[in-house]
Each structure stands twice: as C-alpha cells, then as structure tokens.
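Undergrad: Here you go, one structure.
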Amino acid sequence: MLKGCEGSRPRPRDRIVEMARQLFRQYGLRGIGVDAIAEAAGTNKMTLYRHFASKDDLIVTCLREVETETDAMWEGFEAAHPNDPMAQLHDWVRRAAECAVAEGRGCDIANAAAELTDCNHPAHKVIEQFKKHQHERLAKLCHDAGVGQAELLADTLSLLIEGARVNWQSVGPDGPGARFVGISEAVIESFSKA
C-alpha cells in the first residue's frame, strides 16, 4: 500500500517503489527500465534519480520492502499463535504456500536471485542475508516446536518451498508444487514423530 497523507497523493518515492515492484514482478529486473518505472509512477527520471542513486539502488530498496513484509508475516503468525510454536510452524507452511503462488510470479527475492547472477551486484548481499535470516528463523521455530532434527526439517521445508515456487511457475496449479502444504504437513509430522 502506498504511504502518504490520507486523501493526498502518495509521495514520489513511494510511488516509484510500488511501481518498480509491480513492473519488476511483471517484466523482470532487467526487462524494465527507469524511464518506464518513472512514467508508471507518474513522475520523471530526474525525480527517480533524486531518490535512488541508480536502478540497482532501486532494486535493493524493493528487496528491502520484501524483507519488511516478511517480518510482518512472521509477527502475524507469532501473534496469532502465542506460545504455540507448532501452530506457528503450520501457519508458516500455509503462508509460504500463499506467497509461492502469489500473482503466479512467486517470491520477488527468489526471482531476483535467479536473474542477478553477478555476485558483485549490490542486491546479491541483500538476497543472501534474507535467505540466511529466513532459514535461521525457520530452524529456530522448528527447534521451539520440539523437533529433534530442527535444522534438517528447516532445510527440508526450505527446499520444498523453493521447489514449489519454481514448479508452480513452470507447471501451474496441476503440478506437485500445488501440494506443498500437504507434503510439508506430512514432513513435519514425520520429523515430529522421529
């Protein structure tokens, strides 16, 4: 949602970020230029560069927005299931599935990782830190839920969600990615019994 005063037009920076995220999702990071982003945001390239030193800087900002949204998602299921890590874990599975199939494009972070193969790109560090942090949170949640091999379960769920994202994009709702929730629930149950 765009930020700004109620009843007024959102600030140019917010419009630029929101439109960039939409266009990056639709066309890819490399498939859209700053001119098109500025035009879609109802501004101009000079204004875009006043807020962002480069397109790469804008990409990093967009990925940071994903981090913020992901943090809010974690806070949401922690608040929905206080002191119940197993319920939080099951909620993580459901929300991860929703994100994997969102708009048919999957995860902005995963898509950026696939598109930005240069390890020196400024977004690469953001992507790497995000993925590591999410895995650490998931491993801690698995541990808190009483799973003996918490790290292995976190690895398994991480690989399952990454595979489900790609499978959903390539095969659609008829592929195995559509069964991520059921597969993950079965995996959690088997780890919990072990």
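The values are calculated or read from the model by the stated rules, or taken from the named source; none is laboratory data. Predicted model, so just to flag it, every value in this text is computed and none were measured. Because the Cβ atoms are built from the backbone with ideal geometry, glycine has one as well, and the counts that use them run over all protein chains shown. What goes into the accessible areas is simple: the full protein's heavy atoms, side chains included, and nothing from ligands, DNA or RNA. Shrake-Rupley method; radii C 1.70, N 1.55, O 1.52, S 1.80 Å.
Undergrad: If you take the residues of the stretch 42-60 that are open to solvent by less than 20 Å² (accessible area, probe 1.4 Å) and in contact (Cβ under 8 Å) with a residue 40 or more places away in the chain, which of them is farthest from Phe130 (Cα to Cα)?
TA: So, considering only residues that are open to solvent by less than 20 Å² (accessible area, probe 1.4 Å) and in contact (Cβ under 8 Å) with a residue 40 or more places away in the chain, the one farthest from Phe130 (Cα to Cα) is Leu58.
Undergrad: Same structure, new question: Looking only at the stretch 66-85, which residues are among the small types (Gly, Ala, Ser) and under 22 Å from Ala110 (Cβ atoms)?
TA: Ala72, Gly76
Undergrad: Condition test on Glu39, is it under 18 Å from the mean Cα position of the chain (by Cα), open to solvent by 50 Å² or more (accessible area, probe 1.4 Å) and either outside the structural domain of Cys142 (by TED's automatic domain parsing) or closer than 27 Å to Pro173 by Cα (or both)?
TA: no
Undergrad: Which helices (runs of 4 or more DSSP H) does the stretch 72-156 wholly contain that include 2 or more residues that are modelled with pLDDT of 95 or more and within 28 Å of Gly172 (Cβ to Cβ)?
TA: Once the helices (runs of 4 or more DSSP H) in the stretch 72-156 are filtered for at least 2 residues that are modelled with pLDDT of 95 or more and within 28 Å of Gly172 (Cβ to Cβ), what remains is 85-101, 122-144.
Undergrad: Is one or more of the residues making up the stretch 89-107 open to solvent by 20 Å² or more (accessible area, probe 1.4 Å), assigned by TED's automatic domain parsing to the domain that holds Gly163, under 25 Å from Arg13 (Cβ atoms) and in contact (Cβ under 8 Å) with a residue 60 or more places away in the chain?
TA: The answer is yes; a qualifying residue exists.
Undergrad: I need the full set of residues from the stretch 79-93 which are out of contact with any His (no Cβ under 8 Å at 6 or more places or on another chain) and at negative phi, in order please.
TA: Ala79, Ala80, His81, Pro82, Asp84, Pro85, Met86, Leu89, His90, Trp92, Val93
Undergrad: Further question on the same structure: Just one of (1) β-branched (Val, Ile, Thr); (2) exposed (fewer than 15 other Cβ atoms within 10 Å of the Cβ); (3) closer than 18 Å to Ser54 by Cβ trips up Thr117, so point out which.
TA: (3)
Undergrad: Additional query: What residue, among those in the stretch 70-88 that are of a type outside the set (S, T, N, Q) and in contact with a Cys (Cβ under 9 Å, 6 or more places away or on another chain), is farthest from Arg13 (Cα to Cα)?
TA: Among those residues, the one meeting the criterion is Pro85.
Undergrad: Would you tally the residues in the stretch 7-22 being open to solvent by less than 20 Å² (accessible area, probe 1.4 Å) and without any contact (Cβ under 8 Å) to a residue 40 or more places away in the chain?
TA: Residues that pass the stated criteria total 1.
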